[in-house]
1. Round to a whole number: what % of the accessible area of the stretch 45-122 belongs to carbon and sulfur, probe 1.4 Å?
2. Just the number, please: Stokes-Einstein D of the stretch 45-122 in µm²/s, Kirkwood Rh from C-alpha pairs, 10 °C, 1.306 mPa s.
3. Mind checking the per residue accessible area of the stretch 45-122 for me, 1.4 Å probe, whole number of Å²?
4. Please compute the net charge surrounding PHE33, taking Lys and Arg as +1 and Asp and Glu as -1 over other residues with Cβ under 13 Å from its Cβ.
5. Pairs of Cα atoms under 8 Å, at least six residues apart: use those to get the relative contact order of the stretch 45-122, whole percent.
Amino acid sequence: MKKLAYTICLMMASFITANAQSKSSITIGGKVFSYDKKSGYGCLFVDSEMVKQGITIGFGKKTAGTKCISKKYGNGVAINFSGLNPNSDYSYAPQQNVLISVTGKWIKKGETYEFYATEWEPFF
């Protein structure tokens, strides 16, 4: 009985954590490269000058284990544009190498993080 109660508690904690994680929406900035229209994925790299100026935030430890690596920008993160709001001004994926502001959610998949974009717009 204790084992069942323990298992239920673990399942509830996992559900609460995943639910809280999926509801926290943030805005970050960067440039997208290697976008694949079929999968909806690309790699997002932060512009270090923007981080230094306080315009956007860095990715911190979220780049650990990433497959998104650039000689120019360093480590990036996987970004998914398949969940863009269809009623937004930019309901399609951005062009590559264009500085953008992206709103979405961090999702942890195993040991890596992915950013799921819900809206984006270019920096003007």
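The values are calculated or read from the model by the stated rules, or taken from the named source; none is laboratory data. Remember, it's a predicted structure, so these values are computed and weren't measured experimentally. All Cβ positions, glycine included, derive from the backbone under ideal geometry; neighbour counts span all protein chains shown. Heads up: the accessible areas ignore ligands, DNA and RNA and are worked out on the full protein's heavy atoms, side chains in. Shrake-Rupley method; radii C 1.70, N 1.55, O 1.52, S 1.80 Å.
1. For the stretch 45-122, the apolar C and S fraction of the accessible surface comes to 47 percent.
2. The Stokes-Einstein estimate is 119 µm²/s.
3. So the stretch 45-122 comes to 59 Å² accessible per residue, rounded to a whole number.
4. +2
5. 29 percent
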